[in-house]
Amino acid sequence: VRAGIPVFVDKPLAMSVASGRRFLALRKRCQAPVVTLSTIPHQASVKTIRARLQEIGPLRAVHLEGPGDPRSPYGGVFFYGIHLADLLVELLGTDALDVAAALHCPTCACSLRCAGDLNVTLGMSGVKGWSVSAVGAEGGFHEPVAIDANIFLTTTRIFTTMFRTRKEPFSEERMLAPIALLEAIDKALRSGKRTRVAPVA
């Protein structure tokens with residue numbers, strides 16, 4: 001980054017919004033394009049899930065399930081939880097307000113409140129795959145995230161395109177939003193209290 005070379009940062013970008021902001025400020029001073037992302041939101045099946053969310057009317061409840069372990073020695077909830085958080089932001093945006101979280105070994109259950117009074121739950125139950133369930137005013141569905149034949153192809157194209165063009169594919173807000181969510185989950189687990197998600201706009 002200090003040399004001004006475009007950089008792909010394997011997820012997560014940071015373990016706090018503050019440290020993420022410092023890193024992104026550095027990349028701006030050094031004019032080094034940066035991207036960070038999980039592979040999961042960029043599987044072809046996620047486009048289908050996003051379309052289905054639009055088809056069931058105003059959303060009443062959404063549940064995302066996937067692997068994650070707040071007790072992981074490799075950064076706790078940030079380790080595998082980044083995939084789930086990045087998927088949530090990709091599907092529902094960056095307007096999370098606050099979260100409550102509880103650990104019921106081996107499951108971590110999170111209740112997230114988003115703008116517009118949408119309630120979203122996250123389950124990290126040790127499963128190997130990811131899935132999305134949703135209920136809207138006009139119906140509902142449960143859909144697993146099917147993994148592409150080459151799981152890394154789309155994301156590799158995203159960051160190699162940035163290497164060539166020096167144009168970042170995502171905004172700072174988009175890159176920081178999953179970190180803000182995971183930081184709030186981590187704090188909620190430690191305190192036992194509903195915790196505000198730091199704004200990233």
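The values are calculated or read from the model by the stated rules, or taken from the named source; none is laboratory data. All values reported here derive from a predicted model rather than from experimental measurement. Because the Cβ atoms are built from the backbone with ideal geometry, glycine has one as well, and the counts that use them run over all protein chains shown. Note: areas computed on protein heavy atoms with side chains; ligands, DNA, RNA excluded. Shrake-Rupley method; radii C 1.70, N 1.55, O 1.52, S 1.80 Å.
Sub-6 Å Cβ pairs linking a first residue in the range 10-34 that is on the phi > 0 side of the Ramachandran plot to a second residue that is open to solvent by 60 Å² or more (accessible area, probe 1.4 Å) and not β-branched (Val, Ile, Thr), at least 6 apart or interchain, number zero.
Has the range 181-201 got any residue that is under 16 Å from residue 10 (Cβ atoms) and touching a Gly at 6+ places or on another chain (Cβ under 8 Å)? Yes, that holds for at least one residue.
With the requirement that a residue be out of contact with any Ser or Thr (no Cβ under 6 Å at 6 or more places or on another chain) and either among the charged types (D, E, K, R) or closer than 12 Å to residue 176 by Cα (or both), what does the range 76-95 give you?
Restricting attention to the range 76-95, the residues satisfying the condition of being out of contact with any Ser or Thr (no Cβ under 6 Å at 6 or more places or on another chain) are 76-78, 80-81, 84-85, 87-95.
Answer for the range 76-95, where residues must be out of contact with any Ser or Thr (no Cβ under 6 Å at 6 or more places or on another chain) and either among the charged types (D, E, K, R) or closer than 12 Å to residue 176 by Cα (or both): 85, 89, 90, 93, 94, 95.
For the range 64-78, filtered to residues that are of a type outside the set (A, V, I, L, M) and touching a Pro at 6+ places or on another chain (Cβ under 8 Å), the residue that is nearest to residue 114 (Cα to Cα) is 78. Within the span defined as the range 183-191, one or more residues are of a type outside the set (Gly, Ala, Ser), assigned to a helix (DSSP H, G or I), out of contact with any strand residue (DSSP E or B) (no Cβ under 7 Å at 6 or more places or on another chain) and surrounded by 19 or more Cβ atoms within 10 Å (Cβ to Cβ). Residues in the range 35-64 that are surrounded by fewer than 18 Cβ atoms within 10 Å (Cβ to Cβ), in contact with an Asp or Glu (Cβ under 6 Å, 6 or more places away or on another chain) and on the phi < 0 side of the Ramachandran plot: 44, 56.
Output the qualifying pairs, or none if there are none: Cβ atoms under 6 angstrom, residues six or more apart or on different chains, first residue in the range 101-117 and at negative phi and modelled with pLDDT of 85 or more, second residue among the acidic types (Asp, Glu) and surrounded by 14 or more Cβ atoms within 10 Å (Cβ to Cβ). Filtered contacts from the range 101-117: 113/98; 114/95; 115/95. Within the range 11-58, the set of residues being assigned to a helix (DSSP H, G or I), charged (D, E, K, R) and in contact with a strand residue (DSSP E or B) (Cβ under 7 Å, 6 or more places away or on another chain) comprises 27, 52.
Filtering the range 122-171 to residues that are in a loop (DSSP other than H, G, I, E, B), closer than 30 Å to residue 60 by Cα, modelled with pLDDT of 95 or more and open to solvent by 70 Å² or more (accessible area, probe 1.4 Å) leaves 138, 147. Taken over the range 76-105, the criterion of being open to solvent by 40 Å² or more (accessible area, probe 1.4 Å), out of contact with any strand residue (DSSP E or B) (no Cβ under 9 Å at 6 or more places or on another chain) and part of a loop (DSSP other than H, G, I, E, B) is satisfied by 94, 105.
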